[in-house]
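What follows is a short report on a single structure.
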Amino acid sequence: MIILNKTGLIAILGTGIVIALILVVSNFNIEVNINSKGDQVSTDKETGQSVQGSQTDSMASHHGGSTPVDATIFNGLVGKSAPDFTLENYDGKKIILSELKGKNVILFFNEGLMCYPACWNQIAAFGKDTELGSKAVILNITADPKNEWKQAIDKMPELASANVLFDGNRQVSQKYGVLTLPSSMHKGQFPGHSYVVIDKEGIVKFARDDIQMAVRNQELSTEINKL
């Protein structure tokens with residue numbers, strides 16, 4: 001049998017207390033580290049979500065996401081008199097729609113400079129289509145400033161043969177309701193790819209917003225033949 005004197009017993013108890021304290025402190029540090037990491041992960045996740053949300057908002061704003069689609073005005077055009085307007089073309093000539101009565105008219109509202117190549121291809125196709133041009137006056141309407149259109153002609157000379165009108169203040173585009181159609185990538189700011197066919201009496205007979213942004217000469221020729 002081992003007999004401990006008072007001094008030995010005190011030494012053993014002291015060692016036990018020290019070991020217990022070490023274990024308590026170690027557990028506390030582990031919990032603190034775990035909680036800190038958890039807080040960091042949470043913060044990182046929230047920060048990531050904030051950045052992603054900001055990027056999404058920015059993209060939506062860039063593509064007119066803040067302006068909802070509204071085709072009410074555009075869809076209500078058919079069967080009514082086409083809203084009159086006066087716009088200047090690239091050659092500086094003022095075109096007044098009401099003065100074109102007695103002729104069929106095709107309006108092509110488009111985004112212009114930023115809509116390459118889809119809108120450019122359609123404008124160029126109109127300029128080269130003498131058959132369609134003999135059936136109707138074709139007016140390509142863009143919201144671009146007139147002085148910037150030369151950039152497009154320099155890049156695609158075929159555009160020079162088309163009749164392009166400049167709706168810089170968007171008033172005509174607003175009258176026809178083309179700024180908030182599905183084809184517009186900058187809703188509320190620019191038209192997309194929209195057609196309006198007007199007969200010789202000045203009545204809208206056909207309207208189409210084309211989200212596929214194709215060249216529609218043949219389809220438009222068919223619509224003109226119905227008049």
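The values are calculated or read from the model by the stated rules, or taken from the named source; none is laboratory data. This structure is a prediction, so every number in the text was calculated from the model and none was measured. Here the Cβ is made from the backbone with ideal geometry for all residues, glycine too, and neighbour counts use every protein chain on show.
Is it the case, given these coordinates, that Leu227 is buried (at least 22 other Cβ atoms within 10 Å of the Cβ) and either hydrophobic (A, V, I, L, M, F, W, C) or part of a helix (DSSP H, G or I) (or both)? Considered against the rule, which asks whether it is buried (at least 22 other Cβ atoms within 10 Å of the Cβ) and either hydrophobic (A, V, I, L, M, F, W, C) or part of a helix (DSSP H, G or I) (or both), Leu227 comes out as no.
Yes/no matrix, rows are residues, columns are (1) modelled with pLDDT of 95 or more; (2) surrounded by fewer than 15 Cβ atoms within 10 Å (Cβ to Cβ); (3) in a strand (DSSP E or B):
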residue: Trp149; (1), (2), (3): no, no, no
residue: Val172; (1), (2), (3): yes, no, no
residue: Val178; (1), (2), (3): yes, no, no
residue: Leu181; (1), (2), (3): yes, no, no
residue: Met185; (1), (2), (3): no, no, no
residue: Phe190; (1), (2), (3): yes, no, no
residue: Ser194; (1), (2), (3): yes, no, yes
residue: Val197; (1), (2), (3): yes, no, yes
residue: Lys205; (1), (2), (3): yes, no, yes
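Is it true that some residue in segment 209-219 is assigned to a loop (DSSP other than H, G, I, E, B), under 15 Å from the mean Cα position of the chain (by Cα), among the small types (Gly, Ala, Ser) and under 19 Å from Gln122 (Cα atoms)? Within segment 209-219, not a single residue is assigned to a loop (DSSP other than H, G, I, E, B), under 15 Å from the mean Cα position of the chain (by Cα), among the small types (Gly, Ala, Ser) and under 19 Å from Gln122 (Cα atoms).
Name the residues in segment 149-173 that are in contact (Cβ under 8 Å) with a residue 12 or more places away in the chain and of a type in the set (S, T, N, Q), would you? Across segment 149-173, the qualifying residues are Gln151, Ser161, Asn163, Gln171, Ser173. For residues that are in contact with a Gly (Cβ under 6 Å, 6 or more places away or on another chain) and not in a strand (DSSP E or B), scanning just segment 112-147, find the one that is farthest from Leu181 (Cα to Cα). Once the filter is applied, the top-ranked residue is Pro145.
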